[in-house]
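In what follows, a single structure is set out as structure tokens and then discussed.
The values are calculated or read from the model by the stated rules, or taken from the named source; none is laboratory data. Predicted, not measured: the structure shown is a model, and the values here were computed from it. No Cβ is skipped: glycine too gets one built from the backbone with ideal geometry, and neighbour counts run over all protein chains shown. Side chains are part of the model used for accessible areas, which takes the heavy atoms of the whole protein and leaves out ligands, DNA and RNA. Shrake-Rupley method; radii C 1.70, N 1.55, O 1.52, S 1.80 Å.
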There are 2 protein chains.
Amino acid sequence: MAQITAAQVKELRDKTGLGMMTCKEALVACDGDIEKSVDWLRTKGLDTAGKRTGRATKEGAVGSYIHMNGRIGVLLELNSETDFVARSEDFQQLLGDLCMQVAATAPLAISPEAIDKDILAREREIYVGQVSGKPENIVEQIVEGKLKKFYKEQCLLEQPFVKDPNTSVGERIKGVIAKVGENIIVRRFTRFQLGED
Amino acid sequence: MAQITAAQVKELRDKTGLGMMTCKEALVACDGDIEKSVDWLRTKGLDTAGKRTGRATKEGAVGSYIHMNGRIGVLLELNSETDFVARSEDFQQLLGDLCMQVAATAPLAISPEAIDKDILAREREIYVGQVSGKPENIVEQIVEGKLKKFYKEQCLLEQPFVKDPNTSVGERIKGVIAKVGENIIVRRFTRFQLGED
């Protein structure tokens, strides 16, 4: 049996928001492998971060970020379930990270569902045009792949998190949800770039 | 002939943005009266602040203001003619004042022209309903008065400036235009209040 360190338990607790003993049990069962432990906990129905994403959010905070001497500005509302969590360091740091992410990447929308239908139709048309002449099932496959890439570039929650590109922004948020034990959602954001139309 | 002090010349220069000798000449002609001097300069076509309001603005800065622990947030783009002015203390202070003003007063629009036509029609209808039964010319007069009050409450440039309610926000901006010698315009703003629809 692998030796489980306190650091490993802490890492798993941060990722899942679950209790110390539960996390240790999972690590023991998975020979100290963090990712396998997360899956093991999920299999047992203990992925609390996933469950919490349905809960009501009406507290939170509005954050802002001014970039490049005022050439770019971002305003973002992040909601939580309680004011207590909204004032926590984890939440406030997430809020700052999200504002910075929007400043740096200028996403079109929060999630794929929120992208304007006309923009989506135009993208799809362009992709179809790019692969014309190929069999229909291949075309559909390629178009879906290109749309997925488009979402990853244009939707905040799908984007790679600028401070750690191995994680998506959505995963970054889920990490905080797991840690603080409350649902957290990005309600809206606005980005001004100096002189744009 | 009245004795003209350096303080008087400075005050007139701050107000008009004109040169020292021009301001002294105006003060001499008007016995040191500042307001009369402004009129005297205007008569001579030297009201530069007024003239500058037509010039092109594509530089500037985006500013933000977070109020009440993140329950209210404001993002505002203020444009100037040059980056030099945008970085000046006068401009930056104006930007901060405007963000704070929007946070405190939640204006509907920048100016009366920018108010949604439907909102305006509804207001007008309410006012007409409030004074029904009176002669038509009286009704129109009262309605116009109420609309003026509505603009003063709901339009950023018409509002009394929170930090000095004897001045309107528009006058506050004109004061900076006169001082820095460049046109300055409020391009757009957004205000988020936590949990609002």
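Things worth noting here:
- Over the C-alpha trace of region A:55-177, radius of gyration and Dmax come out as 17.5, 58 angstrom.
- Centre separation in Å (Cα based) which lies between region B:58-72 and region A:70-90: 14
- Shape parameters for the protein assembly as shown, alpha-carbon atoms, Rg then Dmax in Å: 28.9, 102
- Inverse mean reciprocal Cα-Cα distance (Kirkwood Rh) of region A:53-124, Å: 13.9
- Mean per-residue shielding of peptide A:71-80 is 5, counting Cβ atoms of other chains within 10 Å of each Cβ.
- The spread of Cα positions in region B:1-133, taken along each principal axis and listed from longest to shortest, comes to 57, 49, 30 Å.
- Considering only chain A, percent of DSSP beta bridges that pair antiparallel, nearest 5: 95
- Measuring with a 1.4 angstrom probe and ignoring ligands and nucleic acids, A:Asp33 comes out at about 60 Å² accessible.
- Measuring r between the beta carbons of A:Ala7 and A:Lys44 and using R0 = 25 Å, the FRET efficiency lands at 0.65.
- For peptides B:118-124, A:168-174, sequence by mean Cβ density within 10 Å, most packed first: A:168-174, B:118-124
- Placing pseudo-labels 7 Å out from each Cα toward the beta carbon at A:Lys149 and B:Ile119 gives an inter-label distance of 4.3 nm.
- Under the simplified labelling scheme, the A:Lys163-A:Thr82 pair shows an inter-label distance of 2.4 nm, with each label point 7 Å from Cα along Cα→Cβ.
- Helix-only arithmetic for the protein assembly as shown: the sum of -39500 (n - 2.57) across DSSP H runs with n ≥ 4, divided by the residue total, places the mean residue ellipticity at 222 nm at -16000 deg cm²/dmol.
- Sorting the segments B:100-109, A:95-104 by their mean number of nearby beta carbons within 10 angstrom, highest to lowest, gives A:95-104, B:100-109.
- Cα convex hull, region B:1-44: 56 Å³ per residue, rounded to a whole number.
- Alpha-carbon centroids, region A:157-197 and region B:92-149: separation in whole Å: 38
- B:Asp39, A:Asp83, ranked by accessible area, largest first (probe 1.4 Å): B:Asp39, A:Asp83
- Shielding of B:170-182 by partner chains, average beta-carbon count, 10 Å: 0
- Scoring B:11-22, A:142-153 by mean Cβ neighbours within 10 Å over their residues and listing the highest first yields B:11-22, A:142-153.
- Neighbouring partner chain Cβ atoms per residue of B:84-97, average, 10 Å criterion: 1
- With 10 Å bins from 0: P(r) over region A:111-197, alpha-carbon pairs, percent: 14, 34, 31, 17, 4, 0
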